[in-house]
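As structure tokens, the structure follows; a few thoughts come after it.
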Amino acid sequence: MLPDSKFIVRSFPEFDNIIIIPLFDEHIGSATHIMERWVEAKKFLLETPNAFCIIGGDMMNNSIMGSVASPFDDVMTPTEQKEWLYEELKPLAEANKIICGVPGNHELRHHKFTDSNPLYDVFCRLRIETLYRDSRCYLKLYVGSSGARGKGTVYTGVITHGTFTGKTGGLVLNKLSQFADYFEGADFIIVGHAHSPAHDRPCKTVINPYANTATVKETLIVSASSGTGQEKYALKNNHRPKK
């Protein structure tokens, strides 16, 4: 497995712009997984030439003994979940639609007990393990061909499953905005985990003492949506319904 510090560099010279679909928190195997949403997203990716996806963790519900959720509540066993995900991601991998991937806390349950990770197994089986990172993906994307040295416009990003929680998207964004201050130069940051879809564009003033300039740098921050309906824990803790 490659270290988190190793950048994932991707080039898209044939497109002036690209669409990135964050696939986070699908929780495949959960009784509340929204299959129609998954089918629609996958269809859009395969039919839209300039659309690509990021795999952001908790793709499998992976309820095992000792985890918070009960394995008796899932509609697939962990092995069935892994096999299903492999088959579903295979056409996306073959079409070069997957930019990168990181695990979530649900996949990391296996790591805690068995020193293995089912999502990494899927990436290896798809032969795209070089696009996988264990905690964070640092991205460098070249889009178009009119940028410096003909490589296109450069965008840098940070992808991680995240640990941000909150009953509202605003609370999650506040935490994510603070997290964004950890990084200098990131154009976008995408996280999941909270099941609270939201986005913002916080700015900071960047002072360059060598050029005697002060410019405003914007960072797009995104809390991705999930592929599940209301889970039992959400009902028990009175979380607002989300779609």
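The values are calculated or read from the model by the stated rules, or taken from the named source; none is laboratory data. None of these values were measured; they are calculated from a predicted model. Counting neighbours? That spans all protein chains shown, and the Cβs are built from the backbone with ideal geometry, glycine included. Note: areas computed on protein heavy atoms with side chains; ligands, DNA, RNA excluded. Shrake-Rupley method; radii C 1.70, N 1.55, O 1.52, S 1.80 Å.
Would you mind getting the accessible area per residue of the chain, heavy atoms of the protein chains only, 1.4 Å probe, in Å²?
53
If amide hydrogens are placed 1.01 Å from N in the peptide plane, which non-local residues have theirs closer than 5 Å to the one on Cys100?
Ile55
Give me the percent of accessible area attributable to carbon and sulfur for the chain, probe 1.4 angstrom.
Using a 1.4 Å probe with all protein chains present, the chain comes out at 54 percent carbon and sulfur.
Can you run phi through the Karplus equation (6.51, -1.76, 1.60; θ = phi - 60°) for segment 51-62 and list ³J(HN,Hα) in whole Hz, with x for Gly and Pro?
My calculation for segment 51-62 gives 9, 9, 10, 10, 8, x, x, 6, 5, 10, 6, 6 Hz in order.
Karplus couplings for segment 22-27 from phi (6.51 cos²θ - 1.76 cosθ + 1.60, θ = phi - 60°), rounded to Hz, Gly and Pro as x?
Whole-Hz 3J(HN,Hα) from phi for segment 22-27: x, 9, 10, 6, 6, 6.
With the dipole of segment 1-49 worked out from charges on the C-beta (+1 for Lys and Arg, -1 for Asp and Glu) around the Cα centre, which of Phe12, Leu45, Met1 lies farthest toward the positive end?
After comparing all options, I get Met1.
Taking the highest mean first, how do the peptides 98-105, 41-48 order by number of other beta carbon atoms within 10 angstrom per residue?
98-105, 41-48
Mind scanning Lys6/Lys140; Lys42/Lys82; Lys43/Lys90; Lys42/Lys97; Lys97/Lys217 and naming the pairs with a C-alpha gap bigger than 20 Å?
Lys97/Lys217
Nearest 500 deg cm²/dmol is fine: what mean residue ellipticity at 222 nm does the chain get from its DSSP H runs of n ≥ 4 alone, each adding -39,500 (n - 2.57), divided by its residue count?
Helix contribution divided over all residues of the chain: -7500 deg cm²/dmol.
Students sometimes get this wrong: rank Trp84, Trp38 by accessible area, probe 1.4 Å, all chains present, largest first.
Trp84, Trp38
Of Ser223, Ser146, Ser63, which is the most mobile in a GNM of the chain whose springs link Cα atoms less than 10 angstrom apart?
Of Ser223, Ser146, Ser63, the Gaussian network model singles out Ser146 as fluctuating most.
If packing is taken as the average number of other Cβ atoms within 10 Å across a peptide's residues, how do 53-59, 181-187, 203-209, 117-123 rank, most packed first?
Listed from highest to lowest mean packing, they are 53-59, 117-123, 181-187, 203-209.
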